[in-house]
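Notes for the one structure printed next.
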Amino acid sequence: PKPPLAASTARSPEPAQSIALQSTAAANIGGVWRDDEYPGNGSRINQDGDRFSFTRWGILPNGVRFESSGDGKIIGRRIVSSYRARYQSGDTSAGHCSGTLSADAKRIALDCRDSLLSVFSGASTRQ
């Protein structure tokens, strides 16, 4: 009979190779944010994982006061959201936005499409 191989020369089976998706926690965007161009306008964001809800308030450039609320999702540094708004004039609108979050999670830049206001862009900074 052949002697068994010494432990140092025996090969152990290769570990199974598998592709795993990296699970990265969503950036924290919860808190109060102020518009860069109109600092009297703001948002409060409540976050749960990669999903968030928000309320927004302020005054449009034409002087009309507004309030809105909505929800969205964080996908890496990308943000998507939808909302409904009420205006001091009595009008209402709905819209959606998409944009990017800065690497330090302190600034959001968005492009939005609104049923009343058409297309607009804006940026906010965390307070």
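Here the gap between residue 60 and residue 107, fully extended at 0.36 nm per residue and compared with their Cα-Cα distance, gives a gain of 14.9 nm. With K and R counted +1 and D and E -1, the other residues having a Cβ less than 15 Å from that of residue 110 yield a net charge of +3.
What the phi angles of region 40-55 give under the Karplus curve with 6.51, -1.76 and 1.60, with θ = phi - 60°, is a coupling list of x, 8, x, 9, 10, 10, 10, 10, 9, x, 8, 10, 8, 10, 8, 10 Hz, glycine and proline written as x.
Where a number appears in this text, it was derived from the coordinates with a stated rule and is not lab data. Not measured: the values here are computed from a predicted model. Glycine gets a Cβ as well: all are built from the backbone with ideal geometry, and neighbour counts include every protein chain shown.
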